[in-house]
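Here's the structure, in C-alpha cells; my notes come after.
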Amino acid sequence: AVRKVFVEWYRAGLIYRGMRLVHWDPVLQTAVSDLEVNNEERDGFLWSILYPFTDESLRGPNGERGLIVATTRPETMLGDVAVAVHPEDERY
C-alpha cells in the first residue's frame, strides 16, 4: 500500500528527486525527518572580514579600503572569487 501511494504521488509530481540539504544519520545511513530533529540555538561569533578593493582609490562608506563582509562561517570564504553588492545599497 505504501509503495502504491508513493508511486502515485511520484507520477502526480508530488514527490521528486532534487538536490537539497537534509538531516543525515551517519549511523543508520538514512535521512532524518525535520520532525525528528531537535534544533539548538548557540551563541556564536560574527566575523567581519575586509575584502580589499583592487582599485586603491576606492573607499567604503567609512573610508575602508575594501568591502566588509560579515559571516559566522569564515572557513567557507576561502573559496570566494567575487562579492556582489545590491545596486540600491546606499553604502556603496
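The values are calculated or read from the model by the stated rules, or taken from the named source; none is laboratory data. What you see is a predicted model; the values in this text were computed from it and never measured. Every residue, glycine among them, receives a Cβ derived from its backbone with ideal geometry; neighbour counts consider all protein chains shown.
Structure values in brief
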item	result
Looking only at region 12-43, and only at residues there that are loosely packed, with under 10 Cβ neighbours inside 10 Å and of a type in the set (Gly, Ala, Ser), the one that is nearest to the chain's Cα centre (by Cα)	Gly18
Matching option when the condition is surrounded by 10 or more Cβ atoms within 10 Å (Cβ to Cβ) and either touching a strand residue (DSSP E or B) at 6+ places or on another chain (Cβ under 8 Å) or at pLDDT below 85 (or both), among Leu46, Leu58	Leu58
Conditions (1) outside any loop (DSSP other than H, G, I, E, B); (2) more than 30 Å from Ala84 (Cα to Cα); number of the one not met by Asn38	(1)
Unique match (being closer than 25 Å to Tyr92 by Cα and among the basic types (Lys, Arg)) among Arg73, Arg3, Arg20	Arg73
